[in-house]
């Protein structure tokens, strides 16, 4: 049996999100857990979709669309990925 993948830490998830946000953050806004993905970082909905897909591929998870629509901040996205990787 394959070993279960260890659940990534919130810090690892945050770092991955920051890495994936680089191409969508041309103004180089500082990213914190409180940063609004659309409001503060000015990421458009297409880029948010790309970001979600990147996280899904990297962590081998599926983030439900209704969950995506509730996520406003980087911290909420970290929480959602953490929750899904722990399942």
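The values are calculated or read from the model by the stated rules, or taken from the named source; none is laboratory data. Please read these numbers as outputs of a predicted model, since none were measured by experiment. All Cβ positions, even for glycine, are placed from backbone atoms using ideal geometry, and neighbour counts span all protein chains on display.
Some observations on this one:
- Residues in segment 49-65 that are farther than 18 Å from residue 36 by Cβ and in contact (Cβ under 8 Å) with a residue 24 or more places away in the chain: 54, 58, 59, 60, 61.
- For segment 13-54, residues that are within 11 Å of the chain's Cα centre (by Cα) and outside any helix (DSSP H, G or I) total 2.
- Selection within segment 18-43 - within 16 Å of residue 71 (Cβ to Cβ) and exposed (fewer than 11 other Cβ atoms within 10 Å of the Cβ): 34, 39
- Any hit, segment 55-65, residues being surrounded by fewer than 14 Cβ atoms within 10 Å (Cβ to Cβ) and assigned to a helix (DSSP H, G or I): yes
- Identity of the residue in segment 1-31, over 21 Å from residue 61 (Cα atoms) and in contact with a helix residue (DSSP H, G or I) (Cβ under 7 Å, 6 or more places away or on another chain), that ends up modelled with the highest pLDDT: 31
- Taken over segment 66-86, the criterion of being without any contact (Cβ under 8 Å) to a residue 24 or more places away in the chain and either over 11 Å from the mean Cα position of the chain (by Cα) or in a loop (DSSP other than H, G, I, E, B) (or both) is satisfied by 66, 67, 69, 70, 83.
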